[in-house]
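Participant: Here it is, the structure, as C-alpha cells.
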Amino acid sequence: LFVWRKGAIVAAGTGVWRRAQVRSVQSKEEWSLWASTRTIETEGPQLRQALHTISLSRDGTVPLDSDCPSMREALLGPAGSHLSYDGVVVATDGAVKDDGRMGGAYVSLDNKLPARSFVVLGPPSSMRAELSPMDEAVADAPGDEDLTLLTDSLTSIQRLLEMQRQDFPAWLHGHPERALLESLVRRINARARARVFTRIIKVPAHKAHALNEAADAAASRAATEADGESVALTHTNGDSVRFYVQGKQTEWGANVRKALAQTAASQHRAHLTSLITDEIGEDCPPRAKKVVSLTDRWLLRPDQGRKFLGQALAGMRLGAKRRRVMQTIAGVFPCRALLYRWGKAPSPVCLLCQSAPETVGHTQCWCPGLKNARIAAHHAIAKLILDTLQTHSARGWQFHHEITISSLRAIPVPIDMHDTWQRMVDELEETAEEPTGDGDLQDLGRLRPDAIGLSWGKRQVLLLELTRAQDWRPDWAITTDAFKTQRYARLQRQMQGLLPRGWTVETVPLTVGIRGSYHEPTWRRNLERVGIDHKTQELFFQDLTRQALEELDRMYGVRSEALRQQTAVAGPDAQRNQG
C-alpha cells in the first residue's frame, strides 16, 4: 500500500500529543505498509494520499490543521497564545544548507492563506532566508484583515525595529539585505495606512511549535529538493553584481556556483571525449594523440550510472569517508601495491593473506582474510535489491531469497502446477547428486541463486544472481555477466526441459561495481520486465549507488581493524618488519 523509504523521518515512540510532539528518528531501512487486496482496490488512492501527507520534523513535530483533535489541544498548550489572534496567523521560516542553497516557506493557521514554499536565490544568508518568506507572506495576506507573523528569527525582528529610526544609519546603506528590508517595511507601512494591523512575534525554534515546524519542514524541502517547480525569489541591491541563471536575475550564490560548475564540467567532458575519439581514429597520427587519464576514461564510460554516482558523492559530507571513496575512484587509494610502487612500503603483498599483492580489487573482492566482510557487503546490496523487487514489482511476481534446489519444494504453487513442479524438483535433486567428474562450477548441488523470481501467470522463472565486482576494466560488466550466465546454464537448461511447453527459464545477472558502477540499460530492462516504473527505478538507482559506496567504505574499515588486531597480536617486532 505504501513505502517509507530509507532515510525518512519516522515516529520512534509516543510523545507529548498536547504539543504535537513525538520522538522521531531517521529510518535506517525501508518500511512497507501492507493491506488486503480489497482494501487497496476500494480505498487505496485515498489511503496513499493520507499517508503521503504525514510529515514529521527531526524534532518529532506533526504539522497540524484545525480539524485535527490534537490541534485543539495544542491551542491550550504553550503555543496557544500565539495562535489565538484575530485575522490571519502565519508562521514563516527559512533554511540555509551547507552548500549554500536556501529555501523559504510560510504556513497559515486554518489554511486561511495557502501555504507557499520557494527557493531563495543570492549569497547564503540566514537573514535573507528568514526575511524572504516574511516579505512574501505580507504581500500575499488579505489587505482587509489583521496579520500575525510568527518567526523564530530574533535578528530579523531587531533589524526591522531598527528601520523605525528617523535618520538614515550608516549600517543600512551597506547592509547586504537592505533591498529586502526596505521591501518588507514598505509593505507593512502600506497595511498600516489602510488601518490594518501587522503583528510580528518571536517564537522558539525547534520547540514543537506546530506552525513553525511545518514552515521549517517546507523551507528545508524547498532548499534541498528544488526541481524547477518552486518559485525562485531574490532581492538584489542596486550596487551588487548580478547574474542571469535560467532567465532569472540573481546575485552570487549556490545556484550561480552550481550553474558555473555544471557548465565547466560539461565543457571539460566534451573536450576529453573529443580527445578519446581522436585516439580511436585511424587517420590520427601517433604524435597527435593526446593522453587522457585513466580516471577520466573511467568516469566517461557511457551507461554506467554516473549521474547517480555524482548525486551520491554530492550528498556525502566532507570527511574521511568521502576522501576514501574519491581515492578509490581516482585509483590512488593507498593500498600496499600502490605504496610499494611509490617506494613507501617494503613489499606489495597483502598483510592479511600473504598470498597476493594488495590492490583495491584484492581488498574488496578476493582477499581470504576479508571473506566474512565481503559476504556481508554482498548480502546488504542483495537485500536492497530484493526488497525493491518484492515491494514494487507488478502484481503476480513473487521472489524467494537464496533458495536451494531442495527448497524449491517449499514454494507455494498453484494447484494445477503442483504435480509438475514437484516432479521437476525431484529430477533436479537426482541430477544434483550425480558427479560431473570435472569439478566445475556447474554442479547443481552447489548452486544457490541470490533469488528466484516466479510469475505463474506469465509462466516465467528468473534466476537472479548478484555479483559485487571490480569495475576498473572497460569490459568488467560484460565478462562478469557472461561468467554468471555460464555458471547457471546447466540449471537453466534442466529447469527449462522439465517445465511444460510455454515456460521460460532465464538467468538474470545483477552486476554492481565496487565503485557504484552498473550497466544502466541492462538494469532498466530487468526492472521493467517485472513491472517497476521509471520513477521507482530512479529512486532505486540512487539507493543502490549509495549502498555500493557504503559497502566499499565499510570494507576498508574492516581491513583497518583486521590489520590493527594482527599488529597487536604480532608485537612491535613484526610491526617494524612490516613497515
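Participant: Is it the case that some residue within the range 360-373 is within 29 Å of L1 (Cβ to Cβ) and not aromatic (F, W, Y)? Walk me through how you get there before you give the answer.
Facilitator: Our first condition is that a residue be within 29 Å of L1 (Cβ to Cβ); within the range 360-373, this holds for none.
No, because not a single residue in the range 360-373 is within 29 Å of L1 (Cβ to Cβ) and not aromatic (F, W, Y).
Participant: Now a separate question. Suppose we filter the range 353-368 for residues that are under 16 Å from L563 (Cβ atoms) and open to solvent by 50 Å² or more (accessible area, probe 1.4 Å); how many remain?
Facilitator: Applying the first criterion (under 16 Å from L563 (Cβ atoms)) to the range 353-368 yields 353-360, 362-364, 367-368.
Now narrow it down to the ones that are open to solvent by 50 Å² or more (accessible area, probe 1.4 Å): 354-355, 357, 359, 368.
Selection size over the range 353-368: 5.
Participant: Which condition does E225 not pass, out of (1) under 23 Å from the mean Cα position of the chain (by Cα); (2) modelled with pLDDT of 80 or more, if it passes all the others?
Facilitator: E225 satisfies all of (1) under 23 Å from the mean Cα position of the chain (by Cα); (2) modelled with pLDDT of 80 or more except (2).
Participant: Also: What's the number of the only condition in (1) in a helix (DSSP H, G or I); (2) hydroxyl-bearing (S, T, Y); (3) buried (at least 18 other Cβ atoms within 10 Å of the Cβ); (4) under 18 Å from the mean Cα position of the chain (by Cα) that Y518 fails to meet?
Facilitator: Of (1) in a helix (DSSP H, G or I); (2) hydroxyl-bearing (S, T, Y); (3) buried (at least 18 other Cβ atoms within 10 Å of the Cβ); (4) under 18 Å from the mean Cα position of the chain (by Cα), only one is false for Y518: (1).
Participant: Counting just the residues of the range 495-515 that are assigned to a helix (DSSP H, G or I) and either in contact (Cβ under 8 Å) with a residue 60 or more places away in the chain or among the β-branched types (V, I, T) (or both), which one comes out least open to solvent (accessible area, probe 1.4 Å)? Reasoning before the result, please.
Facilitator: Narrowing the range 495-515 to residues assigned to a helix (DSSP H, G or I): 495-498.
From the residues that got through so far, the ones that are either in contact (Cβ under 8 Å) with a residue 60 or more places away in the chain or among the β-branched types (V, I, T) (or both) too are 495, 498.
Details: M495: 2, L498: 56 Å².
Out of the qualifying residues, it is M495.
Participant: Do we find a residue being basic (K, R), without any contact (Cβ under 8 Å) to a residue 12 or more places away in the chain and surrounded by fewer than 19 Cβ atoms within 10 Å (Cβ to Cβ) anywhere in the range 406-417? Don't jump to the end; show me each part of the working.
Facilitator: Looking only at the range 406-417, we keep the residues that are basic (K, R), and these are 409.
Okay, now just the ones that are also without any contact (Cβ under 8 Å) to a residue 12 or more places away in the chain, so none.
No.
Participant: Got a number for residues in the range 119-137 being modelled with pLDDT of 90 or more, open to solvent by less than 50 Å² (accessible area, probe 1.4 Å) and touching a strand residue (DSSP E or B) at 6+ places or on another chain (Cβ under 7 Å)? Explain how you work it out, then say what you get.
Facilitator: Of all residues in the range 119-137, those modelled with pLDDT of 90 or more come to 126-137.
After this cut, where a residue has to be open to solvent by less than 50 Å² (accessible area, probe 1.4 Å) as well, the list is 127-137.
Narrowing the set further to residues that are touching a strand residue (DSSP E or B) at 6+ places or on another chain (Cβ under 7 Å) leaves 128-130, 132-134, 136-137.
Selection size over the range 119-137: 8.
Participant: A further question follows. Can you give me the number of residues within the range 29-46 that are in a helix (DSSP H, G or I), open to solvent by 60 Å² or more (accessible area, probe 1.4 Å) and under 20 Å from S393 (Cα atoms)?
Facilitator: As a first pass, look at the range 29-46 and keep what is in a helix (DSSP H, G or I): 37-46.
The next check asks that each one be open to solvent by 60 Å² or more (accessible area, probe 1.4 Å); those that pass are 37-38, 41-43, 45-46.
This time we only want the ones that are under 20 Å from S393 (Cα atoms), so: 37-38, 41, 45.
The total comes to 4.
Participant: (1) surrounded by 15 or more Cβ atoms within 10 Å (Cβ to Cβ); (2) in a helix (DSSP H, G or I); (3) touching a residue at least 60 places away in the same chain (Cβ under 8 Å): which one isn't true of R524, the others all being true?
Facilitator: Checking R524 against (1) surrounded by 15 or more Cβ atoms within 10 Å (Cβ to Cβ); (2) in a helix (DSSP H, G or I); (3) touching a residue at least 60 places away in the same chain (Cβ under 8 Å), the one that fails is (3).
Participant: Kindly indicate which of Q542, Q547 is open to solvent by 40 Å² or more (accessible area, probe 1.4 Å), in a helix (DSSP H, G or I), touching a residue at least 60 places away in the same chain (Cβ under 8 Å) and more than 21 Å from L463 (Cα to Cα). It would help to see each step written out before you state the result.
Facilitator: On the way: Q547 fails: open to solvent by 40 Å² or more (accessible area, probe 1.4 Å).
Matching residue, one of Q542, Q547: Q542.
Participant: If you scan the range 470-488, which residues turn out to be touching a strand residue (DSSP E or B) at 6+ places or on another chain (Cβ under 7 Å) and of a type in the set (A, V, I, L, M)?
Facilitator: Across the range 470-488, the qualifying residue is only A477.
Participant: Out of all the residues in the range 334-352, which are free of Cβ contacts under 8 Å to residues at least 40 places away in the same chain and open to solvent by less than 30 Å² (accessible area, probe 1.4 Å)?
Facilitator: C335, R336, A337, L338, C350
Participant: Can you find a residue in the range 144-159 that is assigned to a helix (DSSP H, G or I) and crowded, with 24+ Cβ neighbours inside 10 Å? Show your work before the answer.
Facilitator: Going through the range 144-159, the residues assigned to a helix (DSSP H, G or I) turn out to be 154-159.
Checking the rest, the ones that are also crowded, with 24+ Cβ neighbours inside 10 Å come to 156.
Scanning the range 144-159 turns up at least one residue that is assigned to a helix (DSSP H, G or I) and crowded, with 24+ Cβ neighbours inside 10 Å.
Participant: Separate question: Report the residue count in the range 148-178 for those that are within 37 Å of the chain's Cα centre (by Cα) and among the small types (G, A, S).
Facilitator: 2
Participant: Here's a follow-up. Within the range 298-313, track down each residue that is open to solvent by 60 Å² or more (accessible area, probe 1.4 Å), touching a residue at least 24 places away in the same chain (Cβ under 8 Å) and more than 10 Å from the chain's Cα centre (by Cα).
Facilitator: Taking the range 298-313 and keeping what is open to solvent by 60 Å² or more (accessible area, probe 1.4 Å), we get 299, 302-303, 307, 311.
In the following step, the residues that additionally are touching a residue at least 24 places away in the same chain (Cβ under 8 Å) were identified as 299, 303, 311.
Of everything in the range 298-313, those that are open to solvent by 60 Å² or more (accessible area, probe 1.4 Å), touching a residue at least 24 places away in the same chain (Cβ under 8 Å) and more than 10 Å from the chain's Cα centre (by Cα) turn out to be L299, D303.
Participant: Could I ask something else about it? Inspect all residues belonging to the range 447-462 and state whether any of them is within 30 Å of D553 (Cβ to Cβ) and within 25 Å of the chain's Cα centre (by Cα). Break it down stepwise before answering.
Facilitator: To start, the set of residues in the range 447-462 that are within 30 Å of D553 (Cβ to Cβ) comprises 448-451.
Applying the additional criterion that residues be within 25 Å of the chain's Cα centre (by Cα) yields 450-451.
Checked the range 447-462: at least one residue is within 30 Å of D553 (Cβ to Cβ) and within 25 Å of the chain's Cα centre (by Cα).
Participant: Still on this structure, please answer the following. Give the residues of the range 550-563 that are without any contact (Cβ under 8 Å) to a residue 12 or more places away in the chain and among the hydroxyl-bearing types (S, T, Y), sorted by residue number.
Facilitator: S560
The values are calculated or read from the model by the stated rules, or taken from the named source; none is laboratory data. A quick note: this is a predicted structure, and the numbers were derived from the prediction, not measured. So basically every Cβ, Gly included, is an ideal-geometry build from the backbone, and we count neighbours across all protein chains shown. Remember, those area values only see protein heavy atoms, side chains included, never the ligands or the DNA or RNA. Shrake-Rupley method; radii C 1.70, N 1.55, O 1.52, S 1.80 Å.
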